[in-house]
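The block underneath contains the structure these notes are about, expressed in structure tokens.
The numbers here are math on the coordinates, done by the rules we state, and not lab data. Note that the coordinates shown come from a computational prediction; the quantities given were computed from them, not determined experimentally. Heads up, the Cβs are rebuilt from the backbone with ideal geometry, glycines too, and the neighbour counts pull from every protein chain shown.
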There are 2 protein chains.
Amino acid sequence: MKRPPKISSITVSDVAREAKVSKATAARVLGGYGRVSQAVHVAVLEAAKALDYRPNELARSMTTGRSGSIGVVVGDIENPFFSLAVRGISDIARLSGINVILANSGEEVEAERNAIRVLLAKQVDGLIVTPAQAGDIAHLREISCPLTLLDRALPELDVDTVTVDDRDAALRATRMLTEAGHRRIAYVTAAVLSGDFRGAASRINTSTVRERILGFLEACREAGIEDAERNIRFGSRRSERSHASLVQLLRSADRPTAILASDSVVALDLFKAIRECGLGIPRDISLVTFHDADWTSVTTPPITVIDQPVYALGKSAAELLIRRLKGDDRPPERIVLPTTIIERMSVGGPLTQSDDRS
Amino acid sequence: MKRPPKISSITVSDVAREAKVSKATAARVLGGYGRVSQAVHVAVLEAAKALDYRPNELARSMTTGRSGSIGVVVGDIENPFFSLAVRGISDIARLSGINVILANSGEEVEAERNAIRVLLAKQVDGLIVTPAQAGDIAHLREISCPLTLLDRALPELDVDTVTVDDRDAALRATRMLTEAGHRRIAYVTAAVLSGDFRGAASRINTSTVRERILGFLEACREAGIEDAERNIRFGSRRSERSHASLVQLLRSADRPTAILASDSVVALDLFKAIRECGLGIPRDISLVTFHDADWTSVTTPPITVIDQPVYALGKSAAELLIRRLKGDDRPPERIVLPTTIIERMSVGGPLTQSDDRS
């Protein structure tokens, strides 16, 4: 049943010609070593994709019995953040003739543990994981093949990791809200924390959750907003109960005048809840979210977003992992990718808001 | 590394008690046999999920060496249609203690072939596939383990298949447009067809594509619209070129006054193109799409959709497959699930349209 990876007749020279770069440059990009400009990098990858270039170096370098596949365990495949990151991973893997098999943890550590066990039993050569819970990582430590963490760093696990600048992004987005005059700003996140973190945000284990909260709190502190921690809402998931709790927040006497959402799934639910309560954006409430999801640009008003380089996140994770599979034994790398804010129409000042009780 | 599936201490009786049904009824639902009402079915599954019930019957019944995993190959994991179907599959598999591993074909038959080869080499017990191309199915015929087709039937492949009533859905949606007075109605689909199908739509191999086109053409015929086939646009994919071609269509002198989109990814691209051209929905153009995607209810206006039972589609496919894994050797089943139209605000009459040249 098992056949060797297909060997394409397209060579590095063909790709170089198509991309209008030197063969050495094309080889650098395709081999994942050395540095070239972003534009050249993209040109070479696009040329490789157009020609369906599939190198066989990796296949040659790998020990017999290896399958030429990597396993990817994501938190929630229904979240467009993860499906886009998976495309980044898949595009790079394909260039190396490596297959990607996916599993979904549903953000549950038990399911994650199980998925990793299954993928290892199926002899994947390496794993890319977005850890569901930073407090429960014994199963990640035990992984014997190369491991790359995607989107979430674990301070205690020194492996290749690609994240975005979550803290800075949350800081800038929150600052945008405080500078517009908001004082009652909520941060709504899907993350679930066990125990009370008040005054100890820096001890939250999951890096995305911790860094975003620290950025949010820092911007609040700068603006002299006291006890901002009580405005953090955890556990906002795709469920009726979660939605009801958002509606309750929006109907409360001291409802926030601005909200920062941790991802586009949370933000869509917020958008619906805001409309359900008869509130206008940005007249009654301002809304900013992480992730430039498709829908954020087609609503009325369109939503201001923190644009994360999600495709690049997946791409970098795959590049790091494939380098390890090729035998690279340099110390683990921690790559942090920058984000940008795309300002649309969902942020206003609280002074224009009809119902400000502050 | 490989451990036996975890055996939970939650029993069928516990689930029955939680769901407030008899033990026999709970066993029927959990075992995937017999018939119960939809409400009872849902109640039992929810109780099982809440209690984290994981039966071990299947594990016991399976031959040693089997892995307790199924492989799923979907067309486009970035399309929310597929990620929702995968949740349906995963929820059912989980109840049987079976792991789901996923691969993405990107609607390319070569990638699909490769993914199936890899999953079989990794010894999955069964496969669920949405065939990328109905004309190229030799690799599907060769599959030696149980196979269930998801969303797309293949006339030549007599295996368990779950689809929705695509023809009837397209017929009803198009009829809604003709009854509103539209004559220039376009059907825009992501499907790519090789060769000219004019006058031979019934020979298109991929069932979803064929059935929807037949439904569309039937409604046009009923309304006396001639040569409706020329209003079918194939190959609308997530790409700049595709978008440019839609803009061109919308700027043409005889642009359609109404469009039916084959999925929500195509529809979102259309929505953006329509706005880009300065056209109003439904003033200048009416829009209806397959799939009640999240974004369709938050746009202005909200979009009328054909609501497909996507979660149930995945669920049924998993149930059929798991029955085979348990040794069921009845003849293949072909299940067709019904769809409903959710009328929102995106359909108007061409008489109200400012620029009708018909």
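Here are the numbers for the structure shown:
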| quantity | calculated |
| --- | --- |
| Sorted by Cβ density within 10 Å, fewest first, the residues B:S22, B:S242 | B:S22, B:S242 |
| B:T340 long-range amide H proximity, modeled H, under 5 Å | B:D307 |
| DSSP bridge orientation in chain A - percent antiparallel, rounded to nearest 5 | 10 |
| 222 nm mean residue ellipticity, helices alone, for chain A (DSSP H n ≥ 4; -39,500 (n - 2.57); rounded to 500) | -12000 deg cm²/dmol |
| Residue-wise HN-Hα coupling along the range A:72-79, computed from phi with Karplus coefficients 6.51, -1.76, 1.60 (Hz; x: Gly, Pro) | 10, 10, 9, x, 7, 5, 7, 7 |
| Proximal charge balance of B:E218 [Cβ under 15 Å; K/R count +1, D/E count -1] | -3 |
| Dipole-positive endmost among B:A228, A:Q38, A:T296 within the protein assembly as shown (Cβ charges, Cα centre) | A:Q38 |
| Label-point separation in nm, B:S22 to A:R330, each point 7 Å along Cα→Cβ | 6.9 |
| Spatially proximal aspartates and glutamates relative to A:K20 (Cα-Cα < 12 Å; intrachain offsets below 8 disregarded) | A:E46 |
| Alpha-carbon centroids, the range B:200-265 and the range A:288-307: separation in whole Å | 29 |
| Förster-model FRET efficiency, 45 Å R0, A:R230 and B:D52, C-beta, rounded to 0.05 | 0.90 |
| Alpha-carbon centroids, the range B:162-191 and the range B:103-130: separation in whole Å | 31 |
| Kirkwood hydrodynamic radius (C-alpha pairs) into Stokes-Einstein, the range A:149-225, 20 °C and 1.002 mPa s, D in µm²/s | 161 |
| Förster radius 22 Å - calculated FRET efficiency between B:A200 and B:E110, Cβ distance, rounded to 0.05 | 0.25 |
| Point-charge dipole on Cβ atoms (K/R +1, D/E -1) for the protein assembly as shown, about Cα centre, debye to 20 | 1240 |
| Whole-Hz couplings from phi, Karplus 6.51/-1.76/1.60, listed for the range A:128-136; x for Gly and Pro | 10, 9, 9, x, 6, 9, 6, x, 9 |
| Anisotropy class of the protein assembly as shown from Cα gyration tensor, a/c 1.5 cut | rounded |
| Ascending list, in nanometres, of distances separating the A:E226 label from those of the other copies (7 Å, Cα toward Cβ) | 8.1 |
| Among B:A200, A:L95, A:V305 the positive-end extreme of the charge dipole of the protein assembly as shown (Cβ point charges) | A:L95 |
| Under Karplus coefficients 6.51, -1.76 and 1.60, residue-wise ³J(HN,Hα) of the range B:264-274 in Hz, glycine/proline x | 6, 6, 4, 5, 5, 5, 4, 4, 5, 5, 4 |
| 7 Å along Cα→Cβ, label-point gaps from B:L51 to other copies, nm, shortest first | 6.1 |
| Extension gain, B:R221 back to B:S245 (0.36 nm per residue minus Cα-Cα distance, nm) | 6.0 nm |
| Calculated label separations, B:T300, copies of the chain, 7 Å along the beta-carbon direction, nm | 0.4 |
| Spin-label model distance (nm) - B:V192 vs A:D307, 7 Å beyond Cα toward Cβ | 2.8 |
| Two-decimal Rg to Rh for the range B:270-358 - Kirkwood Rh, Cα set | 1.23 |
| Cα gyration tensor, chain B - rounded (a/c under 1.5), prolate or oblate | prolate |
| Extension gain, A:D254 back to A:R275 (0.36 nm per residue minus Cα-Cα distance, nm) | 5.8 nm |
| Dipole magnitude of the range A:215-358, debye to nearest 20 (Cβ charges: Lys/Arg +1, Asp/Glu -1, about Cα centre) | 420 |
| Neighbour-count ranking [beta-carbon atoms within 10 angstrom, fewest first] of B:D158, A:D166, B:D328, B:D91 | B:D158, B:D328, B:D91, A:D166 |
| Selection from A:L127, A:S105, A:A48 lying farthest towards where the dipole of the protein assembly as shown points positive, charges on Cβ | A:L127 |
| Contour minus Cα-Cα distance for B:R238 and B:I143 (0.36 nm per residue) | 31.1 nm |
| Members of A:K122/B:K326; A:K315/B:K315; A:K49/A:K122; B:K23/B:K326; A:K122/B:K23 lying beyond 26 Å, as alpha-carbon distances in this model show | A:K315/B:K315; A:K49/A:K122; A:K122/B:K23 |
